[in-house]
Amino acid sequence: MDDPEEAISGLPDIVRNSDRPIIIYQGAPPNQLDQAAGNSLGLLSWLALLSLCLFIIGFCFWRVWNPAYDPSQVSPVHAEGRPLGLARQVEERREINALASDLVTYLDRVRADNFDRRRTRATHPLLSSPGGIDELRREWDAKCQSVREGIYDRRIGRLDAQIAEFQRQRARQSDPLEATRLDGALQGVIRQRTLEVTNRRTDGDPALRCVPSALAPLCARDSKDVWCHPERAAPQEFSGKAA
Amino acid sequence: MIGAVTPPPQDDDGRHALRRPGVAWRMVRRSAAWVGKSVVRLWVVGLLVAAAMGSGMALNQMFQAQGQLESLREQPGAEAYAVVAYRRELARQIEMMGRVRSEDVVPQPPSRPALLEEIDIARQRNRQVLTQTGAVGPVTTSPVVNAPD
């Protein structure tokens, strides 16, 4: 009987008796693993390149067409804030430039007309067109008057409520001493109400006087508001000699 | 045997070989595999080339937009920009006044930028000129200054 270990390690008879060359590799044939490794490396490189290209495309697309606004940055055009996408920034800047163009020319024209003592016919859309500064100023002044009226209304309403309360207390009061005190307080509130009504009519209270927006003070030198010194508030908005 | 001439294989043998079952099918399969491999390789390379072209175009567009923005930022100056920003601030305050109705103090108007103040002064003087010289002043022929659309 054959040793089973020898039978296992030996070659089959059909192979041993054939006239074909028998090549036994240990591991894998030469260069076969290299090729597989090379293919994997190629696939990885291809994937990496493709991912890089797609990332660049996505980044650029988002940078240009991002529809969001940054509310922390003031935009002279958009109420929502400064647009984040470059395309919208370009659009915004075009609009600003169109609105602001020829302002100095307009000023020169008005000054020249003043010098010649003639009525100027020069206009500028930023000032006199619908939605321009003149219209907004009128609207602002009207709103300020409305706020002022509201404040007076609330004050007078509070005094009216006090008067009604004093009158109710006075009607219930039987003690003459307390009734006299209530009458005095009531007269004081009525005087105060009359004063408020007069102030409302004559605009007598300086604290509640609306300053016309056209007469607002000039921007302070150290102001950091974007409508006063935009080169300080938003230096990125100016390039070259304009900054 | 030396000098024996082996007869050349006849063409019929090749034709018969093709007719043998499996040989033609194997050739078709090999050709199809080769064509398939070529198509896949072309597709893979094409995809990479297309992605590279796309990223190049995207980069180009982004830098063009940046350049355009930079050139637009050269004009106008800060003074004219401030007047536009002042207009926006007026609109914002009007909106705020419409929203908040329970204030106990009157709002203060936004302070005016220097260029707007000069314009206001010039316009005020022009109105004074009108009142001094009479209601009908000489109408000038100076062109109307309008900003382009």
*Using alpha-carbon positions, what is the distance between the centroids of region A:17-63 and region A:86-118, in Å?*
64
*Suppose every K and R has +1 on its Cβ and every D and E has -1 on its Cβ; what is the size of the dipole of the protein assembly as shown about the Cα centre, in Debye to the nearest 20?*
1660
_Helix-only estimate, please: 222 nm mean residue ellipticity of chain A, summing -39500 (n - 2.57) across DSSP H runs of length 4 or more and dividing by its residues, to the nearest 500._
-20000 deg cm²/dmol
*Which angle from 0 to 90°, rounded to the nearest 10, does the C-alpha axis of helix A:133-172 make with the longest principal axis of chain A?*
60
*asked:* Using Cβ contacts closer than 10 Å as the measure, can you line up B:Tyr86, A:Tyr152 from fewest to most?
replied: A:Tyr152, B:Tyr86
_Candidates A:Pro212, A:Pro176, A:Pro130: whichever shows maximal mean-square fluctuation once chain A is modelled as a Gaussian network with Cα springs under 10 Å_ = A:Pro176
*DSSP loop (so not H, G, I, E, B), at most 11 other Cβ within 10 Å: list which trypsin sites (Lys or Arg not before Pro) in region A:175-243 pass both filters.*
A:Arg221, A:Lys224
*Would you look at the GNM of chain A, springs on alpha carbons closer than 10 Å, and say which of A:Ala207, A:Ala233, A:Ala68 moves the most?*
A:Ala207
*What list of ³J(HN,Hα) couplings, whole Hz, do you get for region A:116-132 from phi and the Karplus terms 6.51, -1.76, 1.60, once you set θ to phi - 60° and write x for glycine and proline?*
7, 6, 9, 5, 7, 10, 6, 10, 9, x, 5, 9, 10, 7, x, x, x
*asked:* I'd like the FRET efficiency for A:Ala220 and B:Arg92, computed as 1/(1 + (r/R0)^6) with the beta carbon distance as r and R0 of 22 Å, rounded to 0.05.
replied: 0.70
*asked:* Could you work out how much longer the chain between A:Glu149 and A:Glu135 gets when fully extended? Use 0.36 nm per residue separation minus the Cα distance between them, nm to one decimal.
replied: 2.9 nm
_Residue order, fewest to most surrounding Cβ atoms within 10 angstrom, among B:Val45, A:Val64, A:Val147_ = B:Val45, A:Val64, A:Val147
*For each of A:Arg20, A:Arg93, A:Arg111, count neighbouring Cβ atoms within 10 Å of the residue's Cβ, then give the residues from fewest to most.*
A:Arg20, A:Arg111, A:Arg93
*Modelled FRET efficiency - R0 56 Å, A:Arg16 with B:Trp43, Cβ distances, 0.05 increments*: 0.70
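Every number here is computed from the coordinates shown, using simple stated rules; none is lab data. As the structure is a computational prediction, the values presented were derived from the model and not from experiment. So basically every Cβ, Gly included, is an ideal-geometry build from the backbone, and we count neighbours across all protein chains shown.
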